[in-house]
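S.K.: The structure is given below, and queries will be raised subsequently.
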Amino acid sequence: MNLENDLKRALRAESPAPGFASRVMERIEREQTRKPHRWWRAVAASLTLTAVLGGWAAHQVHQRREGERAKEQVLLALRIAGEKVRYAQTEVRDIGSHD
Amino acid sequence: MRKVLIAVALMLALAVPASAQKLNLDFPELAERADEVVDVTLDATMLKLAAKFFSGRDPDERAIRDMINGLQGIYVRSYEFKSAGAYDARLIDRVKSQLGPNWKPLVTVRSRTKDNVNIMADLRGENIVGLVIIAAEPREFTVVNIVGNIDIDRLAQLQGEFGIPRIMKDKDDDDE
């Protein structure tokens with residue numbers, strides 16, 4: 001019997017506190033206005049990330065090109081320098097062998 | 001304060017001879033008249049960048065990488081002319097006049113028909129910290145300035161080895 005009474009008491013219909021409906025409606029409105037902000041933030045973050053990654057990739061390509069060019073220049077410079085030094089050494093050796 | 005001043009003075013004293021090694025190799029009058037021009041300007045930053053592109057696995061490339069790691073600059077100017085006597089031979093003196101008291105002639109080759117080569121080194125103790133090569137032929141004038149520690153014998157070995165490509169001179173007309 002007690003159990004039945006307890007259940008009835010627990011499940012009886014109760015009116016919500018005054019202002020409950022308006023609080024719920026306010027909350028729903030707040031959530032709806034917040035959602036578009038989140039969406040724009042996500043788009044802005046994606047665009048920023050794309051720009052940063054794109055810039056970084058472009059910088060890497062530029063660096064690679066510059067590096068390859070610098071390498072070619074080093075090889076050319078060392079070849080010219082080596083050629084002249086070797087020529088001078090050969091001439092000196094030839095003079096030495098004539099003496 | 002005194003320590004700071006001493007440190008600054010030391011830094012200046014070290015910086016002056018290091019910067020003095022780089023020569024003025026601008027010969028605009030030659031560039032205008034030359035048939036072919038080679039202009040290589042590699043400062044420390046460019047050399048550092050280039051070094052990254054030499055493979056550490058390939059022994060030839062590693063040797064070049066090790067060589068350029070000790071350098072602060074490589075500057076080459078080479079001018080080839082259609083006819084002989086197109087440049088003033090006093091240019092050699094103009095380059096030599098820029099060299100300080102540490103610079104000593106290593107090799108001087110004089111020839112009527114082939115290259116006249118002057119090799120001078122900036123000697124600090126037993127170390128060569130700078131090198132200038134002036135090669136004057138009847139139809140060609142070349143100056144090479146290497147700034148930094150350089151092994152001259154190793155440099156001579158580079159010619160025709162280490163996969164160093166044939167000289168490809170830029171046509172002056174192409175640059176314009």
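S.K.: Taking the square root of 5 times each eigenvalue of the Cα gyration tensor, what semi-axes in Å does the equivalent ellipsoid of chain A have, largest first? It would help to have the intermediate numbers written out before the result.
M.R.: Numbers: eigenvalues 1642, 74, 8 Å².
So the three semi-axes of chain A are 91, 19, 6 Å.
S.K.: Given points 7 Å out from each Cα along the Cα-Cβ axis, report the residue A:29 to residue B:69 separation in nanometres with one decimal.
M.R.: Computed distance between label sites residue A:29 and residue B:69 equals 7.1 nm.
S.K.: Say R0 is 45 Å: what FRET efficiency, to the nearest 0.05, do residue B:157 and residue A:43 get from their beta-carbon distance?
M.R.: Working: r = 60 Å, r/R0 = 1.34.
After rounding to 0.05, the efficiency reads 0.15.
S.K.: Now for a separate question. Check region B:27-141 and count each lysine pair with an alpha-carbon distance under 26 angstrom, considering only pairs eight or more places apart or from different chains.
M.R.: Values: B:82/B:96; B:82/B:114; B:96/B:104; B:96/B:114; B:104/B:114.
Within region B:27-141, the lysine pair count is 5.
S.K.: P(r) for region A:2-50: what percent of alpha-carbon pairs falls in each 10 Å bin, starting at zero?
M.R.: 20, 20, 19, 17, 13, 8, 2
S.K.: Using θ = phi - 60° and the Karplus curve 6.51 cos²θ - 1.76 cosθ + 1.60, what whole-Hz ³J(HN,Hα) does each residue of region B:48-58 get, with Gly and Pro shown as x?
M.R.: Once rounded to whole Hz, the list reads 5, 5, 4, 4, 5, 9, 9, 5, x, 7, 7.
S.K.: First measure r as the distance between the Cβ atoms of residue A:52 and residue B:55, then evaluate 1/(1 + (r/R0)^6) with R0 = 30 Å and state the FRET efficiency to the nearest 0.05. It would help to have the intermediate numbers written out before the result.
M.R.: Working: r = 30 Å, r/R0 = 1.01.
For residue A:52 and residue B:55, the calculated efficiency is 0.50.
S.K.: Shifting gears a bit: Name the shape class, rounded, prolate or oblate, that the alpha-carbon gyration tensor gives for region A:25-72, where a ≥ b ≥ c are the square roots of its eigenvalues, rounded holds for a/c under 1.5, and otherwise prolate holds if a/b is larger than b/c and oblate otherwise.
M.R.: Details: a/c = 12.87, a/b = 11.10, b/c = 1.16.
It comes out prolate by the Cα gyration axes.
S.K.: State the dimensionless ratio Rg/Rh of region B:66-155 (Rg: radius of gyration of Cα atoms; Rh: Kirkwood radius).
M.R.: Numbers: Rg = 13.7 Å, Rh = 13.8 Å.
Rounded to two decimals, Rg over Rh is 0.99.
S.K.: When chain A is treated as a GNM, springs tying every alpha-carbon pair under 10 Å, which of A:70, A:81, A:51 comes out with the largest mean-square fluctuation?
M.R.: Judging by the Gaussian network model, the answer is A:81.
S.K.: When 1/r is averaged over all different Cα pairs and the result inverted, which Kirkwood radius in Å belongs to region B:17-109?
M.R.: 15.9
S.K.: Which parts of region B:96-116 would a label at residue B:88 reach, counting a residue when its backbone N lies under 18 Å from a point 7 Å out along Cα-to-Cβ?
M.R.: B:96-99
Read-outs: derived from the displayed coordinates by stated rules, not from any lab. In this text the structure is predicted, and so the values were computed from the model without any measurement. In this analysis, Cβ positions are derived from the backbone assuming ideal geometry, glycine residues included, and neighbour counts consider all displayed protein chains.
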